[in-house]
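Computed from the coordinates by the stated procedures, all read-outs in this text should not be read as laboratory data. Just so you know, these numbers come straight off a predicted model, no measurement behind them. Neighbour counts run over all protein chains shown; Cβ positions are idealised from the backbone, glycine included.
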Amino acid sequence: MRNVCEERAEASGIVLKGRFRAVLEGAPGEIKRIVEGPNVVCTNGKEWLASFFASAAATAATLTAKYIAIGTGTTAESAAQTAMVTETARVSAGAMSYVSNQIYRVIATFASGTGTGAVTEYGLFTSSANGTMISRDLEDVINKGANDTLTVQYELTIS
């Protein structure tokens, strides 16, 4: 089901779409669970993008979208959200890249002992603490144990 923001964005010719993918691993090479799905690109995430375009030449070092957070919140996504519902951990991406076809990809790993618990929400942020939440996703639970590693990939498509 499309929301009003998507319909208005399409009418203007620009659409932002995001997608999170999380892979839970136990022992090396053992994939325990994969969840993925589309999410809501938040209003202040769109504002951040507009700010980035306007200020990139002068302040590119401060305008980064490379932090992925996980949490246990279960409240549905909303474009008006500015923070995770119940954030449990946030890490800097190990990889950021332009894929092709206007896709920006961020990959972060939550190592053993980081973000342990019933993970249900994912967010992309501009800072290691606070910052602007670009996007948020709510998915089925992944139970991350203390010895598990969770790799989260986020793709932002600008079309």
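Below are the figures for this structure:
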{"quantity": "Sorted peptide list for 26-37, 82-93, 98-109, criterion being average Cβ within 10 angstrom, highest first", "calculated": "82-93, 98-109, 26-37"}
{"quantity": "Computed lengthening from residue 92 to residue 32, 0.36 nm per intervening residue step minus Cα-Cα distance", "calculated": "19.3 nm"}
{"quantity": "Rg/Rg_ref, region 15-158, where Rg_ref = 2.2 N^0.38 Å and atoms are Cα", "calculated": "1.00"}
{"quantity": "Order of 17, 144 under a 10 Å beta carbon neighbour criterion, fewest first", "calculated": "17, 144"}
{"quantity": "Virtual spin-label span in nm between residue 101 and residue 127, 7 Å along Cα→Cβ", "calculated": "3.5"}
